[in-house]
Amino acid sequence: MIERHDTVIIGGGQAGLATGYYLQQHDQDFVILDASDRVGDAWRARWDSLRVFTPARYSSLPGMDFPGSPYAFPTKNEVADYLETYAQRFDLPVELGVRVDGLERSGDGFLVTAGDRRIESDNVVVAMASYQVPKVPDFAAELSDDIVQLHTSDYRNPDQLQDGNVLVVGAGNSGAEIALDVAGASRRLQARRGASRPVASEHETWLSGRDVGHVPFHIDSWVGRHLGVPFVMRVLFHRIFTTGTPIGRRIRPKVLSQGGPLVRTKPSDLAAAGVERVPRTTGVRDGRPVVGDDVLDVKNVIWCTGFRPDFSWIDLPIFDEKEQPKEPVHVRGVVPDEPGLYFVGLFFLYAMTSGLFTGVGRDAKYVVDHLTSTARQQQQPRPSYIGSVDDLLQQS
């Protein structure tokens, strides 16, 4: 049997829930499909010490404030529980344990497949982050079998590591925070056992990668909470660094390929924790990682090398063939060549905050306003165009 909904939302994280909220405000028929067992599981699966970069007052979805102190930085489990409560409070039609494996055209609408299920709809909103498939360099397979290797997606806490030195590859926000987590565990262990006793589980920690820069204040300080974070997150990243401004369009390719600056961690924090900065990891020699001109004797490697999007299950001609990996061509989440298809939750979809709570609500509202507008219902397909996102923006 073929099911039928006016709109299918693929993904039940913050992007999918925010989109569902706005569709509900328009009294639309829709369903949210998510592969997880519980709403918020994508957050629960991240490393234990993770906290978001924005205080609770900037970490809310539309219609429901984040609980607790507005100036506290929520933990990953607090975020997960908030999302679960959000879905329950608004009685959003989330179907869990449903992994979508196909999307194609069906007449004037779309056909979504998930295993044996087939769902037809007029509209589809792909509400998934860009962070889908872990990236690890090919030479990782050449490391010796006696080295424990973990990707950011698998790392939870230092208890997963074996005794010995640790190389954290990737000096962005995830790498810097995980390096601090590993080094901090070692220092706490030393303090418990006393400086006069040997510490078998001490982890000398190296952080490999280029300096990505950092925001010029501590976000946990009074200045950070009350002045710095509001300016950076609500003004600079939210309103200035967007695809609607010349400077935003200019920096977008660099941010997509290299990431943003360190937000919570400072170089001085890493130095104080005993984390040693080293150059990029470029290969393997004799089973050990090569960093710059040196070979490091390590027992653990944590790959904080990011993720790549995987939209191979979408059988539609919407991708920029010049980009690798291929990215969908869209304008603020609206796909011009496939009326009725939308994206929400992608990193820098419209602004640097598009992948954060700070910006995902705005993006969801824009998409739903377009989906439900009279002009949208009367829209005719535009002439076919496949080019870069920046080229498309300049012509729109």
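Any idea what the relative contact order of the chain is, in percent, if you count C-alpha pairs under 8 Å spaced at least 6 apart?
Working: 777 pairs, mean separation 82.9, N = 396.
So the answer I get is 21 percent.
What whole-number value in cubic angstrom gives the convex hull volume per residue for the C-alpha atoms of the chain? Mind dumping the intermediate values first?
Numbers: hull volume 62.1 nm³, N = 396.
About 157 Å³ per residue, rounded to a whole number.
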Rounded to the nearest 500, what is the 222 nm mean residue ellipticity of the chain from helices alone, with -39500 (n - 2.57) per DSSP H run of 4+ residues and division by all residues?
-7500 deg cm²/dmol
So if I take the centroid of the Cα atoms in the stretch 137-164 and the same for the stretch 71-109, what is the distance between those two points in Å?
31 Å
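Mind scanning 135/299; 299/326; 76/365; 76/322; 76/266; 266/365 and naming the pairs with a C-alpha gap bigger than 27 Å? It would help to have the intermediate numbers written out before the result.
Numbers: 135/299 21 Å; 299/326 35 Å; 76/365 25 Å; 76/322 36 Å; 76/266 21 Å; 266/365 35 Å.
Long pairs (Cα-Cα over 27 Å): 299/326; 76/322; 266/365.
Rank by packing, highest mean first: peptides 131-139, 341-349, with packing defined as the count of other Cβ atoms within 10 Å averaged across residues. Write down the numbers at each step before the final one.
Numbers: 131-139: 13.9, 341-349: 24.9.
For the peptides 131-139, 341-349, the packing ranking is 341-349, 131-139.
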Rounded to the nearest Å, what's the spacing between the alpha carbon centres of the stretch 224-255 and the stretch 27-44? Just the number, please.
29 Å
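Calculated FRET efficiency, residue 221 and residue 245, Cβ-Cβ r, R0 22 Å, to nearest 0.05?
Working: r = 29 Å, r/R0 = 1.32.
That pair, residue 221 with residue 245, gives E of 0.15.
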Quick one: go through the stretch 206-226 and flag any residue whose amide nitrogen is under 14 Å from the point 7 Å out along the Cα-to-Cβ line of residue 272.
217-222
Share of antiparallel DSSP beta bridges in the chain, in percent to the nearest 5?
40 percent
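The numbers here are math on the coordinates, done by the rules we state, and not lab data. The structure presented is a predicted model; accordingly, all values stated were derived computationally and were not measured. Neighbour counts are summed over all protein chains in view; Cβ atoms, including those assigned to glycine, are modelled from backbone coordinates with ideal geometry.
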